Amino acid sequence: MKTAQTELFDKPYPGRTLIAGMTPSGTHYVQVYWIMGRSANSRNRVFEREGSSVKNRAFDPAQMEDPSLIIYYPVRHWRNIHIVSNGDQTDTIYEGLQHNRTFEQSLVLREFEPDAPHFTPRISAVINTDLKQYALSILKTHDNDPSVCLRHSYSYNNFKRGIGHCIHTYNGEQDGVLKPFEGEPFEVPLFDSINEIADYYWERINKENKISLLVKFIDVTNQDIQFQFRNKLS
């Protein structure tokens, strides 16, 4: 059985990771997202809030070499739908909602990232606060073969208090090639304190490769939003 320990904390490079779930008290929906990186270009990033959205930006713009695939909005929301993703498919989902496309219909328009030979999976999640439901998705290759895009989505018709479902980009590395995540999203713990969640994951993921982490709380009663950020560069 996959656990946070084996999948996230014992692995040096699970890659970009997202979690969607609910606090133990049931008072807040939760989204967690973090980025990792090994190149200087990837590590030159921080999260910052922009209204009700979050974007990443270059910590030192003079050191940014190539913004494609690494600068994007990981968090947006449209009305009752709260989006988190590991790339610019956030905007594809956001714009799709405005044109009455579902989460899955929008992601049919996208594939894994074009960063051969890794072909990094695109992972995404939405929380629907009206329906009290959530879904996760991964767009990936089969064993790094880019000839076919595998599109998997996982829908949950209710929340388990104190539990989040987690998915990440990489399953490991073989001969210098990062292999795509395998299996279904797995359960991880959540807490009633937004700071406790942020600290729990930030302190346990690989210190060398972590870059930035965010936690988003959505109040179940009034939809108020809170954020907590952890940035390695500050």
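The values are calculated or read from the model by the stated rules, or taken from the named source; none is laboratory data. If you're wondering where the values come from, they're calculated on a predicted model, not measured in any experiment. With ideal geometry, Cβ positions are generated from the backbone for all residues, glycine too; neighbour counts draw on all protein chains shown. Note: areas computed on protein heavy atoms with side chains; ligands, DNA, RNA excluded. Shrake-Rupley method; radii C 1.70, N 1.55, O 1.52, S 1.80 Å.
Note on Q226 and Q98: the extension gain reaches 43.7 nm, defined as 0.36 nm multiplied by sequence separation minus the Cα-Cα distance. Near P146, once Lys and Arg are set to +1 and Asp and Glu to -1 for all other residues with Cβ below 11 Å from its Cβ, the sum equals -4.
Among the trypsin sites (Lys or Arg not before Pro) found in region 21-61, those both in a DSSP coil and sparsely packed, with 14 or fewer other Cβ atoms within 10 Å of their Cβ, are R38. Take the alpha carbon gyration tensor of region 1-79, find the square roots of its eigenvalues, order them as a ≥ b ≥ c, and report rounded if a/c is under 1.5; if not, report prolate when a/b exceeds b/c, else oblate. Oblate is the answer for region 1-79, as a/c is 1.5 or above yet b/c matches or exceeds a/b.
If you roll a 1.4 Å probe over region 36-177 with all protein chains in place, what percent of the accessible area is carbon or sulfur? After summing per-atom areas, the C and S share lands at 46 percent.
Sites listed here are trypsin sites (Lys or Arg not before Pro) in region 159-210 whose DSSP assignment is loop and whose Cβ has at most 14 other Cβ atoms within 10 Å: K160, K207.
The relative contact order of region 103-202 comes to 22 percent, based on Cα pairs under 8 Å that sit 6 or more residues apart. Taking the Cα atoms of the chain, the ratio Rg/Rh between the radius of gyration and the Kirkwood radius comes to 0.93. Distance from the C-alpha centroid of region 131-152 to that of region 18-32: 22 Å, rounded to the whole angstrom. A dipole drawn for the chain from +1 and -1 charges on Cβ atoms has a positive end, and of Y33, Y154, L131 the residue lying farthest that way is L131. Run lengths n ≥ 4 of DSSP H only: what is the helix-derived mean residue ellipticity at 222 nm for the chain, with -39500 (n - 2.57) per run over all residues, to the nearest 500? That calculation yields -3500 deg cm²/dmol at 222 nm.
In this simple spin-label model, placing a label point 7 Å from the Cα along the Cα-to-Cβ direction at both L109 and S153 gives a separation of 1.4 nm.
Largest GNM mean-square fluctuation across Q223, Q63, Q31, computed for the chain with C-alpha springs under 10 Å, falls on Q63.
Fully extending the segment from D175 to R79, taken as 0.36 nm per residue of separation minus the present Cα-Cα distance, adds 30.1 nm. Within region 55-125, all pairs of alpha-carbon atoms sorted by distance into 10 Å bins from zero give the percentages 19, 46, 27, 7. Model label points for H142 and R57, set 7 angstrom from Cα along the Cα-to-Cβ axis, are 4.4 nm apart. Over all directions, the projected convex hull of the C-alpha atoms in region 26-152 averages 8.9 nm² in area.
Rounded to the nearest 0.05, what FRET efficiency is calculated for D66 and E196 with R0 set to 30 Å and r the Cβ-Cβ distance? Before the final figure, lay out each step's value.
Values: r = 36 Å, r/R0 = 1.20.
My answer for the efficiency is 0.25.
For region 1-111, report the accessible area per residue in Å² (1.4 Å probe, heavy atoms, rounded to an integer). Here the per-residue accessible area is 43 Å².
When the surface is traced with a 1.4 Å probe over the full set of protein chains, H152 keeps roughly 70 Å² accessible.
May I ask you to derive the relative contact order of region 22-171, considering only C-alpha pairs under 8 Å and at least 6 residues apart, and to give it as an integer percent?
For region 22-171, the relative contact order is 18 percent.
Among residues other than H82 with Cβ under 13 Å from its Cβ, the summed charge is +1 (Lys and Arg +1, Asp and Glu -1).
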